[in-house]
Amino acid sequence: MNLLHIHHIAIICSDYEKSKKFYTEVLELNILSETYREERQSYKLDLALGDQYQIELFSFPSPPKRLNYPEGTGLRHIAFAVDSIEDAITELQKKGVNTEPLRVDEKTGKKFTFLFDPDNLPIELYEI
């Protein structure tokens, strides 16, 4: 087997319109397609970072909540690379989004922080 790269990350949200706004207006991901699936009463929003397909945002009627945060089994967080962590934090604050205090990776010396989407899913910003 020859894995090439991660194809996408799937996220199930509790409030589709709120999450759609967060991922497209706050994180500024591009919409590739949006589909309503009548048989599932579910939206599927395909999002891209630049021109690369990255995230599938799903809505389902009454999805169960994450049981234990953040150390529950499953995906712990997604991380996006940024050129300047300080600039990213400033831009997020202008949009009304709070981040955790700035941290430094002990192994690489790189700066990073976390923010949370409308369902409190953790998102890491990591300075490259």
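When the residues of the range 10-51 are filtered to those that are touching a residue at least 40 places away in the same chain (Cβ under 8 Å) and in contact with a Ser or Thr (Cβ under 7 Å, 6 or more places away or on another chain), the one that is surrounded by the fewest Cβ atoms within 10 Å (Cβ to Cβ) is Y16. For the range 48-67, indicate whether the set of residues that are assigned to a helix (DSSP H, G or I), under 19 Å from C13 (Cβ atoms), of a type in the set (D, E, K, R) and out of contact with any Asp or Glu (no Cβ under 7 Å at 6 or more places or on another chain) is non-empty. No, every residue in the range 48-67 fails to be assigned to a helix (DSSP H, G or I), under 19 Å from C13 (Cβ atoms), of a type in the set (D, E, K, R) and out of contact with any Asp or Glu (no Cβ under 7 Å at 6 or more places or on another chain).
When restricted to residues that are closer than 24 Å to G96 by Cα and either among the charged types (D, E, K, R) or within 12 Å of the chain's Cα centre (by Cα) (or both), the range 1-29 contains 17. Filtered by the rule that a residue be over 14 Å from the mean Cα position of the chain (by Cα) and not in a helix (DSSP H, G or I), the range 83-99 gives D83, S84, K95, G96, N98. On inspection, F60 does not qualify as in contact (Cβ under 8 Å) with a residue 12 or more places away in the chain, surrounded by 13 or more Cβ atoms within 10 Å (Cβ to Cβ) and in the same structural domain as I128 (by TED's automatic domain parsing).
Residue selection: L32 fails the criterion of being modelled with pLDDT of 90 or more and within 13 Å of the chain's Cα centre (by Cα). When you check T108 against the structure, is it at pLDDT below 95 and surrounded by fewer than 13 Cβ atoms within 10 Å (Cβ to Cβ), yes or no? Taking the combined requirement at face value, the residue satisfies it. Among residues that are touching a Gly at 6+ places or on another chain (Cβ under 6 Å) and modelled with pLDDT under 90, R76 is not included. Only residues that are under 21 Å from A88 (Cβ atoms) and of a type in the set (S, T, N, Q) were counted across the range 1-55, and they come to 5.
The values are calculated or read from the model by the stated rules, or taken from the named source; none is laboratory data. If you're wondering where the values come from, they're calculated on a predicted model, not measured in any experiment. Note: ideal-geometry Cβ built from the backbone for every residue, glycine included; neighbour counts use all protein chains shown.
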